[in-house]
Amino acid sequence: MRIVVIGGSGHIGSFLVPRLVRAGHEVVNLSRGQRSSYVDDPAWQEVRQVSADRAAEDAAGTFPDRVAALAPDAVVDLISFTPESEKALVERLRGVTGQLLHCGSIWRHGPSQKVPIHEDGGTPPLGEYGIGKDAIARMLKQETAAGGLPTTSLHPGHISGPGWHPIGPLGNLDPSVWWRLSAGEPLEVPGLGTEFLHHVHADDVAQAFERALARPQAAAGEDFSIAAPSALNVRGYAQLAASWFGQAAALRPVTWDEFRRSTSAEAYQCSWDHLYRNQYVSIDKARRLLGYAPRYEPEDAILEAVRWLVDHGRLEVATPLL
């Protein structure tokens, strides 16, 4: 079938698009066209590339028509962040395509109260991003329940893979964290150090989307959390990461106020956003209905990302990876 992937050159699409091509689908990648995918794959030679600036076309009201004009049998939307944008797309595709898959986020849930968090058991979301993703998921579920367009929303954890920085042991993207761990230097840890981070490899997310496309009846009207089979807490993550460099993590607990004074405002906010949520989600529903079978434990996905960064001179460390 013809599948239009919106934003197919990003983290998930870099793995999803080649998967779909190898499965025999005709694939159209609709993106801004400003860069290539994160991972090279000969399958990209068979992909039709269509350039579009979604933000600009959403503002002009023309983006849904552009997607519909491609006559898709299914649409995978990897870059929708507002309910207004997704609703306009749904209304235009109703009766035009057979399936719409949306990429959400586990941040559609707020801070954990009971883990693992199930799709219908989280607390209300926080912040514009999480609130928007939750609103989109609810709108899509209502659309399908009312007999409209068959839709599915998939909600990944912290996506990791080759080509970009993973969320680090402190819940941020500060590269100096990796230097200190690789050097065996003390690392200041805010909070308790028991907060969860739930990573997932980008190819496992791609697998979930591929399986949802292959099982439209099971996926229709559903939402799924997509993550690794287990989650890491801050202390465990730091100890594992240090061991990759032959070191033992020297962790120094500090208060959040102390942490604020010792790091950048950006890193502080990123850490707070991740660790305050303290999320560990269940993937049982995706396993049961989609046959989702993640290949990567969280530490394996993160190590692959870190190794790529070190090998490509994108991350400075004190000692080599073992």
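The values are calculated or read from the model by the stated rules, or taken from the named source; none is laboratory data. All values derive from a computational prediction rather than experimental measurement. Using ideal geometry, Cβ is built from the backbone for each residue, glycine included, and neighbour counts are taken over all protein chains shown. Protein only, heavy atoms only, side chains kept; ligands, DNA and RNA dropped before computing areas. Shrake-Rupley method; radii C 1.70, N 1.55, O 1.52, S 1.80 Å.
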Enumeration of residues in segment 90-112 that are under 16 Å from His155 (Cβ atoms) and among the hydroxyl-bearing types (Ser, Thr, Tyr): Ser105, Ser112
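Being hydroxyl-bearing (Ser, Thr, Tyr), at negative phi and outside any helix (DSSP H, G or I) is the requirement here; does Thr144 meet it?
For Thr144, the condition - hydroxyl-bearing (Ser, Thr, Tyr), at negative phi and outside any helix (DSSP H, G or I) - is not met.
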Any hit, segment 160-172, residues being polar (S, T, N, Q), under 26 Å from Val17 (Cα atoms), modelled with pLDDT of 95 or more and in contact with a His (Cβ under 7 Å, 6 or more places away or on another chain): yes
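Go over the candidates Phe209, Phe245 one by one and state the one that is in contact (Cβ under 8 Å) with a residue 12 or more places away in the chain and assigned to a loop (DSSP other than H, G, I, E, B).
The conditions single out Phe245.
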Tally of residues being within 22 Å of Pro125 (Cβ to Cβ) and not basic (Lys, Arg) across segment 235-286: 19
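Would you confirm, using the coordinates I've provided, whether Leu89 is under 30 Å from Trp308 (Cα atoms), among the hydrophobic types (A, V, I, L, M, F, W, C) and open to solvent by less than 70 Å² (accessible area, probe 1.4 Å)?
Taking the combined requirement at face value, the residue does not satisfy it.
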Qualifying residue in segment 228-250 (condition: in contact with a Cys (Cβ under 9 Å, 6 or more places away or on another chain) and buried (at least 18 other Cβ atoms within 10 Å of the Cβ)): no
Qualifying positions in segment 12-50 - assigned to a strand (DSSP E or B), open to solvent by 50 Å² or more (accessible area, probe 1.4 Å) and closer than 18 Å to Asp73 by Cβ: Glu26, Arg48
Where Gly98 falls short, out of the listed (1) surrounded by 20 or more Cβ atoms within 10 Å (Cβ to Cβ); (2) in a loop (DSSP other than H, G, I, E, B): (1)
Residues of segment 256-299 satisfying the condition of being more than 20 Å from Trp107 (Cβ to Cβ), among the hydrophobic types (A, V, I, L, M, F, W, C) and either modelled with pLDDT under 95 or in a loop (DSSP other than H, G, I, E, B) (or both): Ala293
Any pair with Cβ under 9 angstrom, 6 or more apart, that starts in segment 130-153 at a residue that is farther than 16 Å from Leu213 by Cα and ends at one that is open to solvent by 30 Å² or more (accessible area, probe 1.4 Å) and of a type in the set (Lys, Arg): Ile136/Lys87; Met139/Lys87; Glu143/Lys87; Glu143/Arg94; Gly148/Arg94
Restricting segment 285-322 to residues that are out of contact with any helix residue (DSSP H, G or I) (no Cβ under 7 Å at 6 or more places or on another chain) and acidic (Asp, Glu), the residue that is most open to solvent (accessible area, probe 1.4 Å): Asp311
Filtered residue count, segment 51-84, keeping only those that are polar (S, T, N, Q) and surrounded by fewer than 14 Cβ atoms within 10 Å (Cβ to Cβ): 2
